[in-house]
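These notes are about the structure you will find just below.
Quick note: the coordinates plus some simple rules give every number you see, no bench work behind them. These figures come from a predicted structure and were not determined experimentally. Glycine gets a Cβ as well: all are built from the backbone with ideal geometry, and neighbour counts include every protein chain shown.
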Amino acid sequence: MAKSAKRVKRVLSAAARRKYSDIRHQLNGERDEILAEARRRKRVRDTLTADLHQAFRILKKERIAQGLSLAEMRDRTGMSRSALSRLENDDTANPTIETLSRYAEALGKELAITLTDKAS
């Protein structure tokens, strides 16, 4: 017969209930602001992630144009074939700038990052 866990119900004092109620009200008041900031950060992260994936699509095109296989890229970068394939094809991959640079260098290219004005 399986043992069941004993539930323990904590009884809060009036002061503790007031404290938690105040915190809940404060958070509810800031909820819209918190959610708006979270959405903004997600948009920024999604844009950056899309830019990184676009960079890898460009690098993959260059690799193919140079007639290089993943095995040859493995030898040039020191990264495994599976890691290279993931970086080129997996939209959930999260490459670092260092990884992009290493891949570009293996193609005889240099990674350049530019800062431009934001489109309105």
For segment 46-101, enumerate the residues that are farther than 20 Å from Ile113 by Cα, in contact with a helix residue (DSSP H, G or I) (Cβ under 9 Å, 6 or more places away or on another chain) and among the hydrophobic types (A, V, I, L, M, F, W, C). Leu68, Leu70, Ala71, Met73, Met79, Ala83, Leu84
When segment 40-68 is checked residue by residue, the ones that are in a loop (DSSP other than H, G, I, E, B) and surrounded by 12 or more Cβ atoms within 10 Å (Cβ to Cβ) are Gln66, Leu68
Within segment 69-120, tally of residues that are surrounded by 14 or more Cβ atoms within 10 Å (Cβ to Cβ) and part of a loop (DSSP other than H, G, I, E, B): 6
